[in-house]
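Inspection log for the structure reproduced underneath, given as structure tokens.
The values are calculated or read from the model by the stated rules, or taken from the named source; none is laboratory data. On a predicted model such as this, the values are computed, not experimentally measured, just so you know. Every residue, glycine as well, gets a Cβ built from its backbone with ideal geometry; the counts of neighbours run over all protein chains shown.
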Amino acid sequence: MKPKVYFKTFGCRTNLYDSQAMIGALKDYAVTLNEDEADVVVLNSCTVTNGADTHVRSYISKLEKKSNAKLFLTGCGAHTKGDSLLKEGRVHGVFGQSEKLKINTLLSKENSFYELGDLNYVDESIVDNFVGKSRAFIKIQEGCDFRCSYCIIPFVRGDARSINEDKIIEQITRLALNGFGEFVLSGTNVGSYGKDTKSSIAKLTKKISQIRGVRRIRLGSIEPIQVTDEFKEILDEPWLEKHLHIALQHTSPTMLKLMNRRNMYNQDRELFEFLSDKGFAIGTDFITGHPGESESIWDEAVKNIYQLPLTHLHAFTYSKRDNTPSSTMKPQINAKLAKTRLHEIENIIDEKNYNFRKNLNLPLETLIENKIEKNLYQGFDQYFNKIIIKSDENLVGNWVDISNYKIQKGNNYAQL
């Protein structure tokens with residue numbers, strides 16, 4: 001009987017993809033979805049914040065108390081915490097993202113090891129299934145050329161580089177044949193796709209849309225400056241999800257300079273209003289409590305947030321990352337105040353989302369993700385809004401067009 005491997009994945013969609021690639025590369029091991037029966041646990045980690053590092057250590061502590069499984073660490077945390085965890089004897093092996101297709105061999109090593117690999121590698125893996133998922137996550141690029149003052153990710157993922165277009169097309173073709181209809185294009189900096197291959201995110205999505213079985217394409221986070229004239233040409237395409245996540249990180253011009261961001265608020269507002277007029281739901285990233293975020297800067301940011309037609313938010317409090325410019329900036333902001341500010345903008349965007357959904361008068365093209373309890377299913381519509389559906393039929397993985405539904409705080413609700 002083959003030893004059983006459990007994959008614990010933290011962080012972004014790129015990590016979800018990498019975990020699936022590792023699953024596909026296993027030959028001498030069986031994958032289990034139950035960590036309690038695992039002989040081996042592969043922890044695909046995130047290190048974007050201190051909280052992410054804490055979650056990894058907490059998970060290891062929990063596992064140590066109840067299991068004798070052999071533990072391996074990969075992902076971004078391998079570069080920042082792998083060495084210390086290995087020296088502490090808490091993991092058997094540490095390997096970087098470029099080594100993931102060697103996983104079958106790595107898991108068989110008798111002696112502990114530390115193999116971070118190459119930050120300049122270009123992924124050649126092909127994933128033709130996503131265990132337990134209704135949507136497929138497709139990694140189209142790796143790394144980032146931006147150097148935002150707070151961010152450590154370029155130092156653990158490398159500079160921006162694009163996955164070979166033929167590999168992407170081959171992969172999506174296989175996944176479509178296996179029944180997947182929605183594809184989420186992911187990466188460290190998705191909008192930079194093609195800058196090194198004389199292509200672009202717009203050219204790539206057009207080619208993907210021509211693959212039989214592709215019903216909806218969703219993009220990961222892109223930067224405002226990456227919404228080019230060429231990109232705007234695909235906005236009316238029926239296969240593009242009517243939701244775009246465009247990273248701002250802040251709305252105060254002063255703070256954007258401190259963060260070494262490339263976007264400017266006045267231009268961001270024009271772009272968001274243009275996209276809103278096109279009918280798009282719009283999400284963004286936002287950091288509260290970055291060093292230098294004075295009361296006046298915060299007040300300005302909140303005023304600007306009210307002006308933007310936002311519907312979704314991925315916000316988090318500033319997390320000091322060693323060796324980044326922000327780590328030495330003054331003054332530092334009290335963590336409790338940063339959390340208070342976080343909740344303030346979350347409440348603003350929650351209300352904006354609720355109003356957005358109330359003003360819609362269109363059928364919701366919903367892909368059902370999972371069953372949450374008896375007769376209740378959860379899915380996401382074309383605006384990336386959650387809907388809970390009551391049904392006597394098993395809807396997981398199905399597409400459902402919903403015209404009659406109730407608009408609730410946090411999600412929509414329907415009965416079929």
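Results, tabulated for the structure shown:
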read-out: Counted residues, segment 371-385 - those being over 22 Å from residue 278 (Cβ atoms) and under 20 Å from the mean Cα position of the chain (by Cα); value: 2
read-out: Selection status of residue 149, of a type in the set (S, T, N, Q) and over 29 Å from residue 259 (Cβ atoms); value: no
read-out: The listed residue being modelled with pLDDT of 95 or more, touching a helix residue (DSSP H, G or I) at 6+ places or on another chain (Cβ under 7 Å), among the aliphatic types (A, V, I, L, M) and farther than 21 Å from residue 202 by Cβ, out of 282, 305, 246; value: 305
read-out: Filter result (more than 19 Å from residue 47 (Cα to Cα), in contact with a helix residue (DSSP H, G or I) (Cβ under 8 Å, 6 or more places away or on another chain) and β-branched (Val, Ile, Thr)) within segment 91-111; value: 103
read-out: Residue satisfying condition, being in contact (Cβ under 8 Å) with a residue 60 or more places away in the chain and assigned to a loop (DSSP other than H, G, I, E, B), within set 120, 129, 111; value: 129
read-out: Among the candidates 205, 188, 228, residue that is modelled with pLDDT of 95 or more and under 30 Å from residue 258 (Cβ atoms); value: 228
read-out: Any hit, segment 335-343, residues being under 29 Å from residue 257 (Cα atoms), among the small types (Gly, Ala, Ser) and not assigned by TED's automatic domain parsing to the domain that holds residue 81; value: yes
read-out: Hey, residue 14 at pLDDT below 85, touching a Gly at 6+ places or on another chain (Cβ under 8 Å), more than 20 Å from residue 112 (Cα to Cα) and assigned to a loop (DSSP other than H, G, I, E, B) or not; value: no
read-out: Sole exception among (1) in a loop (DSSP other than H, G, I, E, B); (2) touching a Cys at 6+ places or on another chain (Cβ under 9 Å) for residue 156, by number; value: (1)
read-out: Selection count, segment 308-323, where residues are in a strand (DSSP E or B), touching a helix residue (DSSP H, G or I) at 6+ places or on another chain (Cβ under 6 Å) and buried (at least 18 other Cβ atoms within 10 Å of the Cβ); value: 2
read-out: Any hit, segment 328-343, residues being within 21 Å of residue 47 (Cβ to Cβ), assigned to a helix (DSSP H, G or I) and of a type in the set (Lys, Arg); value: yes
read-out: Hits in segment 25-76 - residues which are over 28 Å from residue 149 (Cα atoms) and in a helix (DSSP H, G or I); value: 25, 35, 36, 37, 59, 60, 61, 62, 63, 64, 65, 66
read-out: Scan of segment 18-51 for residues that are touching a strand residue (DSSP E or B) at 6+ places or on another chain (Cβ under 6 Å), small (Gly, Ala, Ser), surrounded by fewer than 18 Cβ atoms within 10 Å (Cβ to Cβ) and at pLDDT below 90, ordered by number; value: none
read-out: Criterion (surrounded by fewer than 16 Cβ atoms within 10 Å (Cβ to Cβ) and hydrophobic (A, V, I, L, M, F, W, C)) met by exactly one of 138, 126, 103; value: 126
read-out: Test result for residue 130, at pLDDT 90 or above, more than 28 Å from residue 262 (Cα to Cα) and aromatic (Phe, Trp, Tyr); value: no
read-out: Residue satisfying all of: in segment 133-147; in a loop (DSSP other than H, G, I, E, B) and in contact with a Gly (Cβ under 6 Å, 6 or more places away or on another chain); modelled with the highest pLDDT among these; value: 140
